[in-house]
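Peer 1: Pasting a structure below so you can have a look.
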Amino acid sequence: MKTSLAGLALALALTTTGSATLAADGPIRIGTVLSVTGPLAYLGDPAAKTLDLWVDRLNAAGGVLGRKLELVSYDDVGEASKANGLVKRLIDNDHVDVVIGSHSTGATMAMVPVVENAHMPLISPAGGAIIIDPVKKWVFKTPPTDRMAAERVYGHMKAKGITKVALLCETSGFGQSARKEAQAVAAGFGVSIVADEAFAPKDTDMVAQLTKIRDAAPQAVFVLGTNPAAAIVTKNYRQVGLTQPLYQAHSVTSQEYVDLAGAAAEGVVAPALPVVVFDDLPSSDPQYPRLADYVGAYRAKFGQDPAAYGASALDALLLYVDAVGRAGTTDRTAVRDALEKTSGFVTTASMVSLSATDHLGLKADTFRMIEVRGGKWHLAP
Amino acid sequence: MTSLSFPNLLEPRSPMRFVPLAILVAVLATLPFVLPNVWYFDVAIRIAANITVVIALNLLIGHCGQISLGHAGFFGLGAYGSAILTSLYAWPPMLALAATAIVVGLLAWLVAVAILRLQGHYLAMATLGLGIIVSIVLTNESAFTGGPDGMSVPDFAVFGLRIAGEKAWYWVFAGLVVAAVVFATNIVESPAGRALRALHGSEIAARVVGIDTASFKTRVFALSAVVAAVMGSLSAHYMGFITPGVAGFSKSVELVTMVVVGGLASVWGSVFGAALLTLLPDVLAHLEGWETLAFGMILVATMIFLPRGIVPSLVAFFTKKEG
């Protein structure tokens, strides 16, 4: 009996702590579901830092529409089912005005049915094209898709006369989705896939796969994976004596990859968001002013370089703030409509124009081709 | 005046044994009127789904003494079975649910015949392996499962009646919790339940007094797998989108933790263990980075101060006081 009462008391306690009512001129509430801990923490951490930093800056400058911004942040620990529950909490209990999140395509897709039902704008910093293709009324996305990464890489290969390519893909969510795209767009660039091998994210040795690839004699190898496995591939690549150009995906374009792979990383080419090679960008670059602002503030506050995932989260916030400014209100329908009318807005990634049929607004050339020279990522010549 | 003594409520032959059930029904029936918004319904639904799975799992772990570290695998098979049959093959959801449950039951039966010969750590290892295999298959067979990015699941409908929205689903899951509690308490109080307890106490002794231990273990294993599969199917329809994470190893461990924290071989322990462990992450969500620590501290404290699990320890405590 007593335990049952305790259970009831707990339920009631939870009931009373959560109810929040809001004045119309209270802060604008920005809900985030990010993978701050768990296997995707390397994505969530820079994103959470970036959003904290930028909300503080916007508030210091007077907020938006004269209202302060307030972050309501939850951690999905990289699990899609958690993201599904947390987005309900943001919408129904915290009464947020927009949701930003989450990093994995799966977690974002687990939130999609909820936000579509609740008519809540969702801006995702995740990679998968499935998020915006087909277009979902309330769902937007900031980073370019895995398909665009593949197109950019094949374009680079084509310019070098490379037609025979070997794929080496991770069995992770990113690796599988990117592999599908890499296979689908290859023919359009005159590229034929002569080998298609796989490795698991926790594998520690890929010599067997690379030996098979060496026997297939490709002109270049395209690796689609994440750290640390992608860095191990790079070391093994040199060990089995492969000398062809090695392309990696945008998922490894951080200093961590270069540190893990060491000297073996020299000459590796990859597509990347402009933020990764900010120091190489000329001040005439269209992204330069935006990035100078962001990278400068991030370095000043955290003493490290922001990662691409942080920039994608910032872009989500920038797009939202821009849409609220144009809508003149935080009314969800008005903001969604304004988001869809975003035109020529400069983010850290590109110049973004959205429409009813395009909730991404980026082209493959958003990715810059970069290579490792002297232990750092630089713009590829 | 002697008050109602607490243990009477849980004792099989006590005339008061229906009181906890009545309280549960009353709480479940009242909740929809006091829960302030839809998110609370969502939490209640997730708690109810876990309670149902954990009650069945506790029959296996608590009563048979067989540890399964692979039950999330059955949950995942149920979820994906329903998702694939309804979305790719346009089966009616109820048929898909039933077919999936039967297949999972058969699979669990076959597996049980093989692995329940193992005991202790070996059994745990075998179920662990099974769970991981399921998880790998769900992740890699992306033509059917959508791979690690997951797949969407259509709405649930029975005879043209569509179940959608948290408030409708709440009644489905609440009904299943009551059914599971009634079913489990009845099993536990039946000759089969006594046989199971004998089995837990000493398998050899149980066999000596004529209990077909292998058959009991196999049946309970299959039963708990079917319950997990059915809850997996319903949860998939409820959430509308699933990823292989639902079948992950950590989810299996979570289920076993709920059994242990609530109390082995205690139906009501399963109710409280599942409710507590499902609620905690939501209650602690505002601690920003400290929730894992707080979660761990609460678990450690529970196991130190209530070593037999919440319900059995409290029952023992109150019995001693009054006796």
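The values are calculated or read from the model by the stated rules, or taken from the named source; none is laboratory data. What you are looking at is a predicted structure, and each value in this text was computed from that prediction instead of being measured. A quick note on method: Cβ atoms are made from the backbone with ideal geometry, for glycine too, and the neighbour counts reach across all protein chains shown.
Let's see how each residue does on (1) more than 21 Å from B:Ser224 (Cα to Cα); (2) modelled with pLDDT of 90 or more; (3) under 24 Å from the mean Cα position of the chain (by Cα):
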position	(1), (2), (3)
B:Val113	no, no, yes
B:Gly120	no, no, yes
B:Leu130	no, yes, yes
B:Ile133	no, yes, yes
B:Ser142	yes, no, no
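One line per residue, one yes/no per condition, for (1) surrounded by fewer than 23 Cβ atoms within 10 Å (Cβ to Cβ); (2) without any contact (Cβ under 8 Å) to a residue 60 or more places away in the chain; (3) under 29 Å from B:Ala316 (Cα atoms):
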site: B:Phe241; (1), (2), (3): no, no, no
site: B:Ser252; (1), (2), (3): no, no, yes
site: B:Gly273; (1), (2), (3): no, no, yes
site: B:Leu279; (1), (2), (3): yes, no, yes
site: B:Val283; (1), (2), (3): yes, yes, yes
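Peer 1: In this structure, is B:Val181 more than 14 Å from every other protein chain (Cβ to nearest Cβ), farther than 21 Å from A:Asp92 by Cβ, surrounded by 14 or more Cβ atoms within 10 Å (Cβ to Cβ) and not acidic (Asp, Glu)?
Peer 2: Working: more than 14 Å from every other protein chain (Cβ to nearest Cβ): no; farther than 21 Å from A:Asp92 by Cβ: yes; surrounded by 14 or more Cβ atoms within 10 Å (Cβ to Cβ): yes; not acidic (Asp, Glu): yes.
No: the conditions fail for B:Val181.
Peer 1: In addition: Among what's in segment B:219-267 and is assigned to a loop (DSSP other than H, G, I, E, B) and not polar (S, T, N, Q), pick the residue that is nearest to B:Phe295 (Cα to Cα).
Peer 2: Checked segment B:219-267; the qualifying residue nearest to B:Phe295 (Cα to Cα) is B:Gly263.
Peer 1: Please determine whether any residue of segment A:203-218 is under 19 Å from A:Pro271 (Cβ atoms), in the same structural domain as A:Ala261 (by TED's automatic domain parsing) and crowded, with 21+ Cβ neighbours inside 10 Å. Working first, answer last.
Peer 2: So in segment A:203-218, the residues under 19 Å from A:Pro271 (Cβ atoms) come out as A:218.
Applying the additional criterion that residues be in the same structural domain as A:Ala261 (by TED's automatic domain parsing) yields A:218.
From the residues that got through so far, the ones that are crowded, with 21+ Cβ neighbours inside 10 Å too are A:218.
Yes, segment A:203-218 contains a residue that is under 19 Å from A:Pro271 (Cβ atoms), in the same structural domain as A:Ala261 (by TED's automatic domain parsing) and crowded, with 21+ Cβ neighbours inside 10 Å.
Peer 1: Looking at A:Gly173, A:Gly127 in this structure, which one is within 24 Å of A:Ala356 (Cα to Cα), surrounded by 21 or more Cβ atoms within 10 Å (Cβ to Cβ), within 14 Å of chain B (Cβ to nearest Cβ) and not β-branched (Val, Ile, Thr)?
Peer 2: Values: A:Gly173 fails: within 24 Å of A:Ala356 (Cα to Cα).
Answer to the check: A:Gly127.
Peer 1: Only one residue in A:Thr342, A:Thr348, A:Thr329 is in a loop (DSSP other than H, G, I, E, B), touching a residue at least 12 places away in the same chain (Cβ under 8 Å), of a type in the set (Ser, Thr, Tyr) and under 20 Å from A:Pro282 (Cβ atoms). Which one? Full working, then the answer.
Peer 2: Numbers: A:Thr342 fails: under 20 Å from A:Pro282 (Cβ atoms); A:Thr329 fails: under 20 Å from A:Pro282 (Cβ atoms).
Within the list A:Thr342, A:Thr348, A:Thr329, the selection yields A:Thr348.
Peer 1: Still on this structure: Looking at the structure I just gave you, is A:Gln183 part of a helix (DSSP H, G or I), touching a Pro at 6+ places or on another chain (Cβ under 9 Å) and under 29 Å from B:Thr243 (Cα atoms)? So that I can check it myself, show each step before the final result.
Peer 2: On the way: part of a helix (DSSP H, G or I): yes; touching a Pro at 6+ places or on another chain (Cβ under 9 Å): no; under 29 Å from B:Thr243 (Cα atoms): yes.
Here the answer is no, as A:Gln183 does not meet what is asked.
Peer 1: A follow-up question, please. Can you report the number of residues in segment A:130-170 which are within 30 Å of A:Gln244 (Cα to Cα), among the hydrophobic types (A, V, I, L, M, F, W, C) and more than 14 Å from every other protein chain (Cβ to nearest Cβ)?
Peer 2: To start, the set of residues in segment A:130-170 that are within 30 Å of A:Gln244 (Cα to Cα) comprises A:143-170.
Now narrow it down to the ones that are among the hydrophobic types (A, V, I, L, M, F, W, C): A:148-150, A:153, A:157, A:159, A:162, A:165-169.
After this cut, where a residue has to be more than 14 Å from every other protein chain (Cβ to nearest Cβ) as well, the list is A:148-150, A:153, A:157, A:159, A:162, A:165-168.
Final tally of qualifying residues: 11.
Peer 1: Moving on to the next point. Filter segment A:260-297 down to the residues that are part of a helix (DSSP H, G or I), crowded, with 24+ Cβ neighbours inside 10 Å and either touching a Gly at 6+ places or on another chain (Cβ under 9 Å) or small (Gly, Ala, Ser) (or both) and list them by number.
Peer 2: The answer is A:Ala261, A:Ala265, A:Val275, A:Tyr294.
Peer 1: Quick test for you: out of A:Gly26, A:Gly62, A:Gly38, pick the one residue that is free of Cβ contacts under 8 Å to residues at least 40 places away in the same chain and over 21 Å from A:Val295 (Cα atoms). Spell out the reasoning first.
Peer 2: Numbers: A:Gly26 fails: free of Cβ contacts under 8 Å to residues at least 40 places away in the same chain; A:Gly38 fails: free of Cβ contacts under 8 Å to residues at least 40 places away in the same chain.
That would be A:Gly62, the only listed residue that is free of Cβ contacts under 8 Å to residues at least 40 places away in the same chain and over 21 Å from A:Val295 (Cα atoms).
Peer 1: Quick test of your reading of the structure: B:Pro154 fulfils all but one of (1) part of a helix (DSSP H, G or I); (2) within 14 Å of chain A (Cβ to nearest Cβ). Name the failing condition by number.
Peer 2: Unmet condition: (1).
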